[in-house]
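The values are calculated or read from the model by the stated rules, or taken from the named source; none is laboratory data. Only a predicted model underlies this, so the values are computations on that prediction, with no experimental measurement involved. Cβ placement follows ideal geometry from the backbone for every residue including glycine, while neighbour counts extend to all protein chains displayed. Heavy atoms of the whole protein, side chains included, go into the accessibility calculation; ligands, DNA and RNA do not. Shrake-Rupley method; radii C 1.70, N 1.55, O 1.52, S 1.80 Å.
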Amino acid sequence: MEMKKISKDEFAILLIRHSIGIVFLLFGIDKFLNPTYWSSYIPEFINNLNLFTNIAFIYTLGVLELILGLLLLIGLLTRIASIVVAIHLLFVITSIGYNDTAIRDFGLLLIAIAICLIKNHPYSLDSYIKSKRA
């Protein structure tokens, strides 16, 4: 069996998808390790809804971020996951205002948008499933 050589373009796509996937996995894990720290970032309008305790809200975000990170790492539902990541980052950026964290998250937002715009994600479950249907 012959091994296919990965192109530079395929590697770049794989690298950005895995990079943001790892970042979101780490964000999700940290929500469980340091929920009190993250609860200070909850916007006032979320607190006013009284739907969750602060810690429950942080754990919910942690689960969401873990799922999104995993989906991006394995390349399953990649476009949907990247859209949800972009929306999540938009909420974060608008809720925390202009600061160094918002600038970082703006960069992540642009990466999420780029992932969404990519038609074919090499070395992903999406492409594997697509090839089996053909």
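For this structure, a couple of remarks:
- Members of segment 79-108 found to be open to solvent by less than 80 Å² (accessible area, probe 1.4 Å) and over 15 Å from G21 (Cβ atoms), listed by number: V92, I93, S95, I96, G97, N99, T101, A102, D105, G107
- Pick from segment 120-134, criterion open to solvent by 40 Å² or more (accessible area, probe 1.4 Å) and within 16 Å of H18 (Cα to Cα), ranking: modelled with the lowest pLDDT: N120
- Within this structure, I42 passes the test of being at negative phi and either open to solvent by 40 Å² or more (accessible area, probe 1.4 Å) or out of contact with any Pro (no Cβ under 7 Å at 6 or more places or on another chain) (or both).
- Yes/no for I113 being farther than 19 Å from L25 by Cβ and open to solvent by less than 60 Å² (accessible area, probe 1.4 Å): no
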